[in-house]
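These notes are about the structure you will find just below.
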Amino acid sequence: MKNLAVITYAALGLWALGYSNVLAQAPKTFTLKFNHVLGPKEPYHDGFLKWAKAVEQRTNGGLKIDVFHSAQLGLEEDIIEQIRQGANIGQNTDAARMGNYVPGIAVMNGPYFVETLEEVAKLRKAPTVAKWQEELATKFGLKVVSFNWVQGYRHFFTNKPIKTPDDLKGLRIRTPPAPIWQESIRALGAVPVAMAFGEMYPGLQQRAIDGVELVYNNIPGGRFYEVLKVANETRHIMLINFEVVSAKWFDSLPKEYQDALVEEADRAGEETSRQILRLEAEVEQQLKSRGMTINKDADLAAFRKAGEKAYEVLKITDAKNAVHKEIGK
């Protein structure tokens, strides 16, 4: 009996050791909680869901992305600080906010910086842009997974036609709270008012602001046609969005998971960007049917000239020129 007990204990010990080895060898799973401020009906939200599905399939469930719309996880600026601390959170953001950390990168959010998807694609190979991304990761803990997401052209939506920068004089226009955005809108003639995305509709109702500058696809989702009458096609910013995660968290992923996260983000971003530009004409018609006037008579040459002042005020004209030279603009 004593020998039997010894054998039994030995067998149990071997089983436990084997089980622990199995656990040790089991692939670790990772989760990214991804936050964005847009509504669930926006093309971006569908694009993020496609990105999440592609990553989960490619990693056999090893890396899962949970997508949260309408800023469900919190305000963009607060999320970015959590990302910097190493949290497994991601945020859809822009060069304007990244410019709070690396000033030069803000040029990508400036007036008429790029004007086609082809120019955006060239930015991915620009050495200066790569240097800025490296600085964001190493000094500030912000890993740019992709900036292949273009939300469309920003226009001014107001209650009167805007044809030249002088027509914006005195109008309070909502902007995100970032220097390049504020200076861009000021350079183009308006008074910038920093305000969260979700506060715009009541801000317009209460006349705290006179208008907004957004892409066409934001208007139906936010029902801004109820409080604004004119869509002015100034195309003053081609809005490039950044998908940002913690550099520390990203570095903890297996190499194949990192590749999946980046490559599938770029793929989904390009597909979503092209879809958004195709949808603009449909949204225009939808807004016209809801009573909005589409003003196509904006003096783009005058707006381009006015926009240069934003780069000068922020002392990033040299950065803009360097990137333009690299992409042949």
| field | Full-stretch length increase - Lys163, Lys28 - with 0.36 nm per residue and alpha-carbon distance subtracted | value | 42.9 nm
| About the Cα centre, charge dipole magnitude for the range 101-178 (Lys/Arg +1, Asp/Glu -1 at Cβ), debye | 200 debye
| P(r) weight above 17 Å for the range 145-218, C-alpha pairs, percent | 44 percent
| Under Stokes-Einstein, with the Kirkwood radius over Cα pairs standing in for Rh, what whole-number D in µm²/s applies to the range 13-168 at 10 °C and 1.306 mPa s? | 86 µm²/s
| request: For the chain, return all DSSP H helices satisfying: extent of Cα atoms along own axis at least 30 Å; mean Kyte-Doolittle hydropathy at least 0.5. | output: 2-25
| note | Charge dipole of the chain built from unit charges on the beta carbon (Lys, Arg +1; Asp, Glu -1), centred at mean Cα; most positive-end Cα among Leu73, Val150, Met98 is Leu73
| Per residue of the chain, what 222 nm ellipticity follows from adding -39500 (n - 2.57) for every DSSP H run with n ≥ 4, rounded to the nearest 500? | -15000 deg cm²/dmol
| remark: One would report the Cα pair-distance distribution of the range 171-281, bin width 5 Å, in %, as 2, 9, 16, 18, 15, 14, 10, 8, 5, 2, 0
| Net +/- balance of residues flanking Asp210 in space, Cβ distance below 12 Å, scoring K and R +1, D and E -1 | +4
| query | Which cross-chain or sequence-distant (5 or more) residues have an amide H under 5 Å from the amide H of Val67, H modelled 1.01 Å from N in plane? | reply | Phe34
| note | Here, Gln285 and Glu135, labelled 7 Å along Cα→Cβ, have an inter-label distance in nm of 4.6 nm
| said: Check which residues have an amide H placed less than 5 Å from Leu142's amide H, if you skip close sequence neighbours. | reply: Ala137, Ala247
| Solution diffusion estimate, µm²/s, Stokes-Einstein, the range 244-329, Kirkwood Rh from C-alpha pairs, 20 °C, viscosity 1.002 mPa s | 121 µm²/s
| request: List the relative contact order of the chain as a percent without decimals, with contacts defined as Cα pairs under 8 Å and 6+ residues apart. | output: 24 percent
| query | Taking R0 as 35 Å, what's the FRET efficiency between Ala87 and Asp299 from their Cβ-Cβ distance, rounded to 0.05? | reply | 0.15
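No lab work stands behind these numbers, since they all come straight from the coordinates. Being a predicted model, the structure only gives us computed values, none of them experimental. No Cβ is skipped: glycine too gets one built from the backbone with ideal geometry, and neighbour counts run over all protein chains shown.
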